[in-house]
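See structure below.
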Amino acid sequence: MLEKHEVFEITDSDKTFGDVIANAPKEISEGIRSKNVIILPSHNTTDEFYCGTLDTLDYLNDNGLSADVYACDDDYKELSLHGAEIWLGTIIIKYVVIPVFCSVIGAYVYEKLKGVSGDQISMKVYVEKKDGTTSAIDFRGKIEDFDKALKEIGKFHEGI
């Protein structure tokens, strides 16, 4: 059996909300301009998202976050990945929603997706900080370690 190794990296990034919006086609930029959370395409594609992305989007919006997907309805495609891993995808968030985002995404994983000990989870979050710089948090590992990624994201709101 192939053992999976945890990946937990925090790096500086040049990806910002302004750049995401400026580089988006007009039909996408109009929809994401006023959002605080944008779910980005996965696997470095321009138009493919993990299966379940729309459920994640609905959950974020239903729980007080102003979120959208970086895609037009006509061009939206989902990747069907099979296995026990929970794929949350790539997300960019603004500084002001960090505490709510961490709480909501944690509840989504544990309550809605019913994540349990031993499950694998994967998520990459770009956090645009108060000073306008961005950090990327990449987590792939056991669900019981997912809280440490959320705590690190939370620290960006505290200014650490």
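The values are calculated or read from the model by the stated rules, or taken from the named source; none is laboratory data. Since this is a predicted model, take the numbers as computed values, not measurements. We place every Cβ from the backbone using ideal geometry, glycine too, and count neighbours over all the protein chains shown. The accessibility values were calculated without ligands, DNA or RNA, using every heavy atom of the protein model including side chains. Shrake-Rupley method; radii C 1.70, N 1.55, O 1.52, S 1.80 Å.
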| query | Exactly which trypsin sites (Lys or Arg not before Pro) in region 1-42 are in a DSSP loop and have at most 13 other Cβ atoms within 10 Å? | reply | LYS4, ARG33
| query | Under the rule of -39500 (n - 2.57) per DSSP H run of 4 or more residues, summed and divided by the residues of the chain, what mean residue ellipticity at 222 nm is obtained, to the nearest 500 deg cm²/dmol? | reply | -8000 deg cm²/dmol
| note | So the carbon and sulfur contribution to the accessible area of the chain, 1.4 Å probe, in percent, is 47
| request: Could you tally the net charge around ILE92, taking each other residue with its Cβ under 10 Å from the Cβ of ILE92, Lys/Arg +1 and Asp/Glu -1? | output: +2
| So between TYR76 and GLU30, what do we pick up on full extension, going 0.36 nm a residue minus the alpha carbon distance? | 14.9 nm
| query | Between TYR50 and residues 5 or more places away or on another chain, which pairs have amide H atoms under 5 Å apart, with H built 1.01 Å from N, and which residues are they? | reply | SER42, LEU79
| said: Just to make sure I understand: if all protein chains stay in place, what is the order of CYS51, CYS72 by accessible area at 1.4 Å, largest first? | reply: CYS51, CYS72
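Rounded to the nearest 5, what % of the DSSP beta bridges within region 1-141 are antiparallel ones?
That works out to approximately 60 percent antiparallel.
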| message | How large is the translational diffusion coefficient of region 1-78 in µm² per second when you combine the Kirkwood radius over alpha carbon pairs with Stokes-Einstein at 20 °C and 1.002 mPa s? | response | 152
| Can you give the translational diffusion coefficient of region 70-160 in µm²/s, computed by Stokes-Einstein from the Kirkwood radius over Cα pairs at 20 °C and 1.002 mPa s? | 152
| query | Which length gain, in nm to one decimal place, applies between ALA107 and GLU158 when the Cα-Cα distance is subtracted from 0.36 nm times their residue separation? | reply | 16.3 nm
| message | Taking every DSSP beta bridge with both residues inside region 77-143, roughly what % is antiparallel (nearest 5)? | response | 55
| query | Which value, in debye to the nearest 20, describes the size of the charge dipole of region 6-160 about its Cα centre when Lys and Arg Cβ atoms bear +1, Asp and Glu Cβ atoms bear -1, and nothing else is charged? | reply | 420
| task | Write down the accessible area per residue of the chain in Å², having rolled a 1.4 Å probe over the full set of protein chains. | result | 55
| field | Size of the chain as Cα extents on the principal axes (Å, biggest first) | value | 46, 39, 28
